[in-house]
Amino acid sequence: MPDVLVLVDHDGEHVHKSTHELLAAARRLGAPAAVVVGTPGTAARLKETLARHGAACVYAAESTEANEFLATPAVDALELAVREAAPAAVLVSATADGKEVAGRLAARLDAGLLIDAVDLDSSGVATQIVFGGSYTVRSQVTHGIPVIAVRPGSFEPEEHPEEAGEQELVPLPIDPAASARITARRAALTGDRPELTEATVVVSGGRGVGGVDGFRVVEELADALGGAVGASRAAVDAGYYPHQYQVGQTGKSVSPQLYVALGISGAIQHLAGMQTSKTIVAVNKDPEAPILELADYAVEGDLFAVAPQLTQEVAAR
Ligand code: FAD
């Protein structure tokens with residue numbers, strides 16, 4: 001069975017859920033092999049959980065400087081692993097960083113690239129969301145080793161404890177110093193809340209929230225549900241909430257178990273980032289708002305009346 005390479009998203013100590021989903025997706029095409037890029041010792045720490053989720057082999061691309069660079073160490077590592085393993089495909093998470101890695105890797109390998117895949121079959125045909133969510137298409141790479149960016153939330157993680165023996169750890173010699181150094185560091189922005197693209201619950205606010213103070217109602221419901229906070233572009237552009245929380249075509253794509261939209265009309269560009277959510281709840285005072293048509297549970301009403309009641313009900317459980 002050919003290998004299928006999976007780029008591991010992690011924080012140095014824990015593997016992100018999106019990687020467990022990728023490992024499940026990879027099994028449809030072959031034997032999953034994980035590629036860990038991090039500081040020395042990272043792959044050894046993550047090996048067990050990767051093995052339990054189906055990684056037959058773990059490649060370790062480690063350097064003391066690995067975290068000081070954005071995409072290039074991951075692209076270098078994947079390129080080396082591709083040369084070593086001749087895999088059937090390379091899978092990465094379709095996050096902003098993952099898409100950059102996927103694009104650069106496909107260019108280096110002169111290979112076909114599929115972005116925003118939400119399903120994969122055993123012959124390598126992917127179901128993709130394209131044109132800002134207007135179409136769902138089935139596509140297959142016809143040139144080179146397919147590089148596929150899979151939307152977080154599209155696959156269920158699988159555990160295979162019976163296969164978690166002594167996994168091979170294969171070192172990959174990366175040289176981050178050959179890349180441009182990044183001196184600015186990203187601040188931790190999520191606080192105690194889960195990362196937006198990883199969260200199983202997302203509560204988003206739109207222009208209807210009315211301002212920075214109004215977003216407290218959104219945050220309180222998100223916290224009661226143990227979820228992440230998102231925002232529409234109109235809310236972001238108006239300065240109600242920071243840009244890194246924007247959901248949609250020009251923001252982040254999310255696919256949680258539960259998406260709650262408060263004061264969001266449901267423009268196509270917003271739907272592009274959340275319409276694959278498993279259950280959608282929308283609160284809007286306009287009965288004609290398009291989001292109410294898409295929603296599994298549509299509440300016509302004032303979000304400032306409905307959301308606090310929801311928060312109270314959830315907190316009481
Ligand atoms: P509005 O459309 O103004 O809707 C506000 C809603 O709140 C209304 O439906 C109103 O009835 C409701 N409301 C008001 N008060 C209350 C209340 N008290 N209680 C309940 N409901 C209330 N948008 C994105 O979100 N993400 C993107 O990534 C994105 N990318 C874009 C890219 C391009 C190229 C373009 C052209 C646009 C993009 N947009 C994006 C913008 C998009 O077209 C919409 O303008 C935007 O999504 C609207 O945001 P909204 O629903 O919060 O605001």
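The values are calculated or read from the model by the stated rules, or taken from the named source; none is laboratory data. If you're wondering where the values come from, they're calculated on a predicted model, not measured in any experiment. Don't worry about glycine lacking a Cβ; one is built from the backbone with ideal geometry, like all the others, and counts go over all protein chains shown. Quick note on the areas: whole protein, heavy atoms, side chains included, nothing else; ligands and nucleic acids left out. Shrake-Rupley method; radii C 1.70, N 1.55, O 1.52, S 1.80 Å.
The table that follows gives values for the structure above.
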quantity: Hey, T279 open to solvent by 10 Å² or more (accessible area, probe 1.4 Å), away from the ligand (no atom under 12 Å from the Cβ) and under 20 Å from R151 (Cα atoms) or not; calculated: yes
quantity: The stretch 39-57 - residue that is of a type in the set (A, V, I, L, M, F, W, C) and over 21 Å from the mean Cα position of the chain (by Cα) and, of those, least open to solvent (accessible area, probe 1.4 Å); calculated: C57
quantity: Of residues in the stretch 150-174 being hydrophobic (A, V, I, L, M, F, W, C) and in contact with a Lys or Arg (Cβ under 8 Å, 6 or more places away or on another chain), the one least open to solvent (accessible area, probe 1.4 Å); calculated: A164
quantity: Top-ranked residue of the stretch 113-140 - restricted to ones that are touching a residue at least 40 places away in the same chain (Cβ under 8 Å) and part of a loop (DSSP other than H, G, I, E, B), ranked as farthest from the chain's Cα centre (by Cα); calculated: S122
quantity: Single unsatisfied condition, V229 versus (1) β-branched (V, I, T); (2) open to solvent by 20 Å² or more (accessible area, probe 1.4 Å); (3) in contact with a Ser or Thr (Cβ under 9 Å, 6 or more places away or on another chain); (4) at pLDDT 95 or above; calculated: (2)
quantity: Top-ranked residue in the stretch 79-102 [being of a type in the set (A, V, I, L, M, F, W, C) and part of a helix (DSSP H, G or I); ranked as surrounded by the fewest Cβ atoms within 10 Å (Cβ to Cβ)]; calculated: A96
quantity: Top-ranked residue in the stretch 256-276 [being of a type in the set (S, T, Y) and open to solvent by 10 Å² or more (accessible area, probe 1.4 Å); ranked as nearest to the ligand (Cβ to nearest atom)]; calculated: S265
quantity: Residue match in the stretch 59-78 (condition: farther than 17 Å from L7 by Cα, of a type in the set (G, A, S) and buried (at least 19 other Cβ atoms within 10 Å of the Cβ)); calculated: no
quantity: Test: residue in the stretch 45-53 that is closer than 14 Å to E163 by Cα and either in a loop (DSSP other than H, G, I, E, B) or in contact with a Gly (Cβ under 9 Å, 6 or more places away or on another chain) (or both); calculated: yes
quantity: Within the stretch 103-148, tally of residues that are crowded, with 16+ Cβ neighbours inside 10 Å, among the aliphatic types (A, V, I, L, M) and under 13 Å from A89 (Cβ atoms); calculated: 13
quantity: Checking T200 against (1) in contact with a Gly (Cβ under 6 Å, 6 or more places away or on another chain); (2) closer than 18 Å to S93 by Cα; (3) open to solvent by 60 Å² or more (accessible area, probe 1.4 Å), the condition it does not meet; calculated: (1)
quantity: Lone qualifier among A295, A231, A235 - being near the ligand (Cβ under 7 Å from one of its atoms), touching a strand residue (DSSP E or B) at 6+ places or on another chain (Cβ under 8 Å) and free of Cβ contacts under 8 Å to residues at least 40 places away in the same chain; calculated: A235
